[in-house]
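For reference, the structure is listed below as structure tokens.
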Amino acid sequence: MKKAIIIHPEGNTFNNPTLKCVVDLLRENNIDIVLRYNKSLASMPKMDGVGLFPYNRFEQKIRSLLFGDKPKKLFINIYYFFDSLRYAFGYDLIIGVDQKGLIESSAISSFINIPCVFFSFEIMFEAEVGKKIKEIERFFARNVRCWFVQDKVRQSCLIEENNLLKSNSTILPLASSGIGRFNDKRLRDDIEGIAIDKKVAIMIGSIADWTMAKDI
């Protein structure tokens, strides 16, 4: 039985339709999965063949120091050299999601020599995160066997920001599998008082100020 580990430190894998489809695809091909993630208020649903491996408090503390204001490649390498020992046997593929998932999965991959795949859903630009962490991200991006991004614009940005190869990339829009179809009945049809010529905006996810929810 083959086995893959998905490292998604920033959130709940099952809140992302593309990642959920990746999990389903791997399971359909009889590949067991382990999910590495930060605990959050959103609970991880149980699923046959999917193991849950959240960071404990000590690991979260160490990682917050590693990726803090003054990240150092040497310290990250040392930490993941020892951390990779727990992954040394039994894994055939490692999947990293977004910036920290890329760094973590790539570092582990380099020590235990298993292929590393990168999924990008959020691009961290050097102008916003700083030169030091971006240099570390670029260094570890060299180990990526292939990578997935939503569209050509983001593809170009990642090639420029992370020095990734276009030949290793695949355009994969953020969506569930299959062809989308309009339902005959809409959510707005259950809400009284909305004229047919009015538009409705639905906010899904955070309503913090940075989402501009108040502006909408």
*Within the chain, what percent of beta bridges assigned by DSSP are antiparallel, to the nearest 5?*
5
*Which entries in LYS2/LYS134; LYS73/LYS131; LYS39/LYS214; LYS72/LYS131; LYS39/LYS61; LYS73/LYS134 show an alpha-carbon gap greater than 22 Å?*
LYS2/LYS134; LYS39/LYS214
*With Cβ to Cβ distances under 14 Å as the rule, what net charge do the other residues near GLU28 carry (K, R +1; D, E -1)?*
0
*Compute the signed sum of charges (Lys and Arg +1, Asp and Glu -1) over the other residues within less than 14 Å, Cβ to Cβ, of TRP210.*
-3
_Of MET1, ILE62, ILE123, which is farthest towards the positive pole of the chain's charge dipole, taken about the Cα centre with +1 and -1 on the beta-carbons of Lys, Arg and Asp, Glu respectively?_
ILE62
*Provide the per residue accessible area, probe 1.4 Å, for the chain, rounded to a whole number of square angstrom.*
64
*Please give the FRET efficiency for ASP184 paired with GLU28, using the beta carbon to beta carbon distance and R0 = 35 Å, rounded to the nearest 0.05.*
0.70
*Would you calculate the separation in nanometres between label points at SER64 and LYS131, each defined as 7 Å from the Cα along the Cα-to-beta-carbon direction?*
2.9
*Quickly estimate the mean residue ellipticity at 222 nm for the chain, helices only: each DSSP H run with n ≥ 4 gives -39500 (n - 2.57), and the total goes over all residues, rounded to 500.*
-10000 deg cm²/dmol
*Count charges around LYS2 for me, please; just the other residues with Cβ under 10 Å from its Cβ, Lys/Arg as +1, Asp/Glu as -1.*
-1
*Descending semi-axes in whole angstrom, ellipsoid equivalent of the chain, from the Cα gyration tensor*: 33, 22, 18
_About the Cα centre, charge dipole magnitude for the chain (Lys/Arg +1, Asp/Glu -1 at Cβ), debye_ = 520
*Report ³J(HN,Hα) in whole Hz for each residue of segment 103-113, in order, from the Karplus equation J = 6.51 cos²θ - 1.76 cosθ + 1.60 where θ = phi - 60°; Gly and Pro get x.*
4, 5, 5, 5, 5, 5, 4, 5, 8, 10, 6
*Can you give me the Cα centroid spacing of segment 136-215 and segment 1-57 in angstrom?*
20
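The values are calculated or read from the model by the stated rules, or taken from the named source; none is laboratory data. Here the structure is a predicted model, which means the values were calculated and not measured. Note that we place each Cβ from the backbone using ideal geometry, even for glycine, and neighbour counts take in every protein chain shown. SASA here: full protein model, heavy atoms, side chains in, ligands and nucleic acids out. Shrake-Rupley method; radii C 1.70, N 1.55, O 1.52, S 1.80 Å.
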